[in-house]
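Visitor: Please read through the structure below; I'll follow up with questions.
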Amino acid sequence: MRDFQAPGRSAVLATNGMCATSHPLAAQAAIDILKRGGNAMDAAIAGAVLLGICEPQMTGIGGDCFVLYSPPGSEDIKAINGSGRAPALADADKLRSQGVTEIQQTSPDAVTIPAAIDAFCHLADTVGNIGLDAILQPAIHYADAGVPVAPRVAFDWSKDAPALNPRAREIYLLDGKPPQPGQIFRAPGQAEVLRRMAQHGPEAFYSGEVAEDMVATLNRLGGVHTLEDFAAARCTETTPVSGAYKGIELVEHPPNGQGATAILMLNILSHFDIAGMDPFAAQRAHIEAEAAKLAYDARNRFIADADHTDRLDHMLAPETAAKLAALIDPNRAMAAPAPISEAVHKDTIYITVVDKDRMAVSLIYSIFHGFGSGIASDRFGILLQNRGQGFTLEKGHPNELGGGKRPMHTIIPGMLRENGRVAMPFGVMGGAYQPYGHARVLSNLCDFDMEPQAALDGPRCFSDNGDMKVERGYSDTVRQQLSDMGHNVSVPDTAIGGAQAIRIREDGVLEGASDPRKDGCALGY
């Protein structure tokens, strides 16, 4: 139980349905959908699309998604890959011949075909109850009427605005400036796109005037995208991957997502007595940082489009974790593994919903960097993702840029299963931090018996490419001890990640938790 004399928030408890996400309007929209007869999938999609209006720097219809869900009364967990592919004419050799060594965020070469919309339409049709038209109405309403900009959103908006191209600045700045908290943001162009989708389905996005707008914008800037690339966009049903930590099964989306990295990190941590450490002291932070360096190095080597990599079994093998754990010095930081050219950053949204029948949905949806590529389509103002930066230009690498390939993705939805029962859909935003965050949340629950809200609230640290970021929630003593161990310690300007979770308790009660690092909340009824 939390200390009621200290800052914090209580868990949200309900029995009929629950949503936890990073913006209150989206959480409320999801609950409204549940109350009118929609299921958890209907509610999650409705909330997610609305988040593209509430948090346009984080996500939008020009982006990708990954989804884990469990059907009502089932212990099975299904996965949908809603990540897009490079255009068919994408050519790493051509870029290398031009002297390009890394794909730049605001280049059209960074824009992969957005696939979230196909995934949402597919899931609304095959899993949802109320139909795409009803699902999209909250987002259409708020895109037209406008949304007051929330405090954390305003903070991110100002930081990320330099990426916006001239057309995007017309749409996403107010009088040429990032909006302040409480100012109203409207997106009438997106409202029109959503209305067309509500009437005609995914074809309204992937063909006709909307697709022509996106292709013409990209071609004008030098992109090689075609209408055929957009018409070919399809989500894919996949099989989740999983691993156990102290009796709790962590279920993740398979590659091209980086979820296997979290499983490997936990496999490494299982070789240490984490439960015997102070949860927020230097020793735990150090061991986690070292485990993350090794797990992320494996990610960089092996995770790519599933059609182009076959090393997952090796990555998740117990003997692999044992050999990596043996490399960790409990008292001294290792040098960061040499980075390769994949860009990894930190902007996305996450939403989880559980309904009265206990369907659970874990959905993550992103345009990658803040405001994605910064490229907004000329007519409708659709911000296009920069997921192509997830490719490497290293010749022969499984994650090398290539026509029709999916890049390595940072976004990962998660679920926990206990004794075969789906126990908690959850997610941790924060780009590269996400596998680290999944491991930290599960360790908080298992090693330190924290309630879900406390597991999300606790201070975070992250060894990110040689920079040991340690939030202000840690003491100066911890920072000094980590520095003495050889870590290059800094205090990040921006809080590390954000998280949401819903625990499905055995007594039938739903327990929602929402990270105070974001503007959102958990709501139930």
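The values are calculated or read from the model by the stated rules, or taken from the named source; none is laboratory data. Computed from a predicted model, the values in this text were never measured in an experiment. Using ideal geometry, Cβ is built from the backbone for each residue, glycine included, and neighbour counts are taken over all protein chains shown.
Visitor: Give GLN434, GLN453 a once-over and let me know the one that is surrounded by 20 or more Cβ atoms within 10 Å (Cβ to Cβ), in contact (Cβ under 8 Å) with a residue 24 or more places away in the chain and closer than 20 Å to CYS521 by Cβ.
Guide: Values: GLN434 fails: closer than 20 Å to CYS521 by Cβ.
Exactly one residue qualifies, and that residue is GLN453.
Visitor: Being more than 18 Å from the chain's Cα centre (by Cα), in the same structural domain as HIS487 (by TED's automatic domain parsing) and either outside any helix (DSSP H, G or I) or buried (at least 24 other Cβ atoms within 10 Å of the Cβ) (or both): is that true of ALA304 here?
Guide: No; evaluated as a whole, the condition is false for this residue.
Visitor: Right, next: Which residue, of HIS200, HIS225, is touching a Pro at 6+ places or on another chain (Cβ under 8 Å) and over 30 Å from GLY414 (Cβ atoms)? Full working, then the answer.
Guide: Details: HIS200 fails: touching a Pro at 6+ places or on another chain (Cβ under 8 Å).
HIS225 is the lone residue from the list that is touching a Pro at 6+ places or on another chain (Cβ under 8 Å) and over 30 Å from GLY414 (Cβ atoms).
Visitor: Another question, then. Examine segment 192-212 for a residue that is closer than 21 Å to THR106 by Cβ and surrounded by 16 or more Cβ atoms within 10 Å (Cβ to Cβ), and state whether such a residue exists. Spell out how you get there, then give the answer.
Guide: Looking only at segment 192-212, we keep the residues that are closer than 21 Å to THR106 by Cβ, and these are none.
No, every residue in segment 192-212 fails to be closer than 21 Å to THR106 by Cβ and surrounded by 16 or more Cβ atoms within 10 Å (Cβ to Cβ).
Visitor: Which of the numbered conditions does ARG220 fail, given that it passes all the others? Conditions: (1) crowded, with 23+ Cβ neighbours inside 10 Å; (2) out of contact with any His (no Cβ under 7 Å at 6 or more places or on another chain).
Guide: All conditions are met except number (1).
Visitor: When segment 184-220 is examined, which residues are found to be part of a loop (DSSP other than H, G, I, E, B) and in contact with a Gly (Cβ under 9 Å, 6 or more places away or on another chain)? It would help to see each step written out before you state the result.
Guide: As a first pass, look at segment 184-220 and keep what is part of a loop (DSSP other than H, G, I, E, B): 186-187, 201-202, 207.
If the condition is that a residue be part of a loop (DSSP other than H, G, I, E, B) and in contact with a Gly (Cβ under 9 Å, 6 or more places away or on another chain), then ARG186, ALA187 are the ones that fit.
Visitor: Do you know which residues across segment 241-267 are farther than 13 Å from MET415 by Cβ and touching a Cys at 6+ places or on another chain (Cβ under 7 Å)?
Guide: TYR245, LYS246
Visitor: What number goes with the only condition from (1) at pLDDT 95 or above; (2) closer than 29 Å to GLU55 by Cα; (3) not in a strand (DSSP E or B) that LEU363 does not pass?
Guide: (3)
Visitor: If you don't mind, another one. Quick check on my filter: what residues within segment 489-522 are assigned to a loop (DSSP other than H, G, I, E, B) and surrounded by fewer than 14 Cβ atoms within 10 Å (Cβ to Cβ)? Please lay out each step first, then the result.
Guide: Pass one, segment 489-522, residues assigned to a loop (DSSP other than H, G, I, E, B): 491-497, 505-509, 515-520.
Answer for segment 489-522, where residues must be assigned to a loop (DSSP other than H, G, I, E, B) and surrounded by fewer than 14 Cβ atoms within 10 Å (Cβ to Cβ): VAL491, ASP493, ARG505, GLU506, ASP507, GLY508.
Visitor: Another question, if that's okay. ILE135 - would you say it is in a helix (DSSP H, G or I) and under 13 Å from ARG186 (Cα atoms)?
Guide: no
Visitor: Residues of segment 111-132 being assigned to a helix (DSSP H, G or I) and under 17 Å from the mean Cα position of the chain (by Cα), which ones? Before you say what the answer is, go through the steps one by one.
Guide: Within segment 111-132, the first condition is being assigned to a helix (DSSP H, G or I), and the residues that meet it are 116-126, 132.
Matches in segment 111-132: ALA116, ILE117, ALA119, PHE120.
Visitor: May I pose another question? Check every one of the strands (runs of 3 or more DSSP E) wholly within segment 221-261 and list those with 2 or more residues that are modelled with pLDDT of 95 or more and hydrophobic (A, V, I, L, M, F, W, C).
Guide: Numbers: elements: 236-238, 241-245, 248-252.
Passing ranges, in order: 241-245, 248-252.
Visitor: Sticking with this one: Could you look through segment 338-358, keep only residues that are modelled with pLDDT of 95 or more and assigned to a loop (DSSP other than H, G, I, E, B), and pick out the one that is surrounded by the most Cβ atoms within 10 Å (Cβ to Cβ)?
Guide: Out of the qualifying residues, it is ASP355.
Visitor: A further question follows. Restricting to segment 299-320, what's the tally of residues that are in contact with a Ser or Thr (Cβ under 7 Å, 6 or more places away or on another chain) and within 19 Å of SER463 (Cα to Cα)?
Guide: The number of residues fulfilling the criteria is 1.
Visitor: Being outside any helix (DSSP H, G or I) and more than 19 Å from MET277 (Cβ to Cβ) is the filter; apply it to segment 447-487 and report the residue that is modelled with the lowest pLDDT. Full working, then the answer.
Guide: Restricting attention to segment 447-487, the residues satisfying the condition of being outside any helix (DSSP H, G or I) are 449-451, 458-475, 485-487.
From what is left, the residues that are more than 19 Å from MET277 (Cβ to Cβ) are 451, 464-467, 469, 472.
Numbers: GLU451: 96, ASP464: 87, ASN465: 84, GLY466: 88, ASP467: 93, LYS469: 97, ARG472: 96.
It comes out as ASN465.
Visitor: A further question on this structure: Quick check: is even one residue across segment 457-472 more than 21 Å from ALA295 (Cβ to Cβ), in contact with a Pro (Cβ under 6 Å, 6 or more places away or on another chain) and touching a residue at least 40 places away in the same chain (Cβ under 8 Å)?
Guide: no
Visitor: Given ALA124, ALA154, ALA88, which one is out of contact with any His (no Cβ under 6 Å at 6 or more places or on another chain) and surrounded by 24 or more Cβ atoms within 10 Å (Cβ to Cβ)? Spell out the reasoning first.
Guide: Details: ALA154 fails: surrounded by 24 or more Cβ atoms within 10 Å (Cβ to Cβ); ALA88 fails: surrounded by 24 or more Cβ atoms within 10 Å (Cβ to Cβ).
Testing whether each residue is out of contact with any His (no Cβ under 6 Å at 6 or more places or on another chain) and surrounded by 24 or more Cβ atoms within 10 Å (Cβ to Cβ) leaves just ALA124.
Visitor: Tally up the residues in segment 9-29 that are surrounded by 24 or more Cβ atoms within 10 Å (Cβ to Cβ) and either farther than 16 Å from ASP519 by Cα or not assigned by TED's automatic domain parsing to the domain that holds HIS369 (or both), please. Spell out how you get there, then give the answer.
Guide: Here is the first cut: in segment 9-29, the ones surrounded by 24 or more Cβ atoms within 10 Å (Cβ to Cβ) are 17-23, 26-27, 29.
Narrowing further to those that are either farther than 16 Å from ASP519 by Cα or not assigned by TED's automatic domain parsing to the domain that holds HIS369 (or both): 17-18.
Counting residues in segment 9-29 that are surrounded by 24 or more Cβ atoms within 10 Å (Cβ to Cβ) and either farther than 16 Å from ASP519 by Cα or not assigned by TED's automatic domain parsing to the domain that holds HIS369 (or both) gives 2.
Visitor: Find the residue count for segment 413-445, including only residues that are under 25 Å from ALA40 (Cα atoms) and assigned to a helix (DSSP H, G or I).
Guide: 7
Visitor: When you check THR309 against the structure, is it surrounded by 13 or more Cβ atoms within 10 Å (Cβ to Cβ), over 21 Å from GLN480 (Cα atoms) and under 23 Å from the mean Cα position of the chain (by Cα), yes or no?
Guide: Numbers: surrounded by 13 or more Cβ atoms within 10 Å (Cβ to Cβ): yes; over 21 Å from GLN480 (Cα atoms): yes; under 23 Å from the mean Cα position of the chain (by Cα): yes.
Judged against the criteria, THR309 is a match.
Visitor: Next question. What helices (runs of 4 or more DSSP H), lying completely within segment 18-106, carry at least 1 residues that are out of contact with any helix residue (DSSP H, G or I) (no Cβ under 9 Å at 6 or more places or on another chain) and at pLDDT 95 or above?
Guide: 24-35, 92-97
Visitor: Which residue, of ILE375, ILE364, is within 30 Å of PRO459 (Cα to Cα) and either in the same structural domain as ILE33 (by TED's automatic domain parsing) or in contact with a helix residue (DSSP H, G or I) (Cβ under 9 Å, 6 or more places away or on another chain) (or both)?
Guide: On the way: ILE375 fails: within 30 Å of PRO459 (Cα to Cα).
Of ILE375, ILE364, the one residue that is within 30 Å of PRO459 (Cα to Cα) and either in the same structural domain as ILE33 (by TED's automatic domain parsing) or in contact with a helix residue (DSSP H, G or I) (Cβ under 9 Å, 6 or more places away or on another chain) (or both) is ILE364.
Visitor: Is it the case that some residue within segment 198-211 is touching a Lys or Arg at 6+ places or on another chain (Cβ under 7 Å), small (Gly, Ala, Ser) and either assigned by TED's automatic domain parsing to the domain that holds ASP118 or touching a residue at least 24 places away in the same chain (Cβ under 8 Å) (or both)?
Guide: So far as segment 198-211 goes, yes, one or more of its residues are touching a Lys or Arg at 6+ places or on another chain (Cβ under 7 Å), small (Gly, Ala, Ser) and either assigned by TED's automatic domain parsing to the domain that holds ASP118 or touching a residue at least 24 places away in the same chain (Cβ under 8 Å) (or both).
Visitor: Right, another one. Which of the residues belonging to segment 151-183 are under 29 Å from GLN104 (Cα atoms) and part of a loop (DSSP other than H, G, I, E, B)?
Guide: LEU164, ASN165, LEU173, ASP175, GLY176, PRO178, PRO179, GLN180
Visitor: What are the residue pairs meeting all of these: first residue in segment 262-275, first residue more than 21 Å from VAL251 (Cβ to Cβ) and assigned by TED's automatic domain parsing to the domain that holds PHE448, second residue surrounded by fewer than 24 Cβ atoms within 10 Å (Cβ to Cβ) and of a type in the set (Val, Ile, Thr), Cβ atoms under 6 Å, and 6 or more apart or on different chains?
Guide: The qualifying pairs are PHE272/ILE287.
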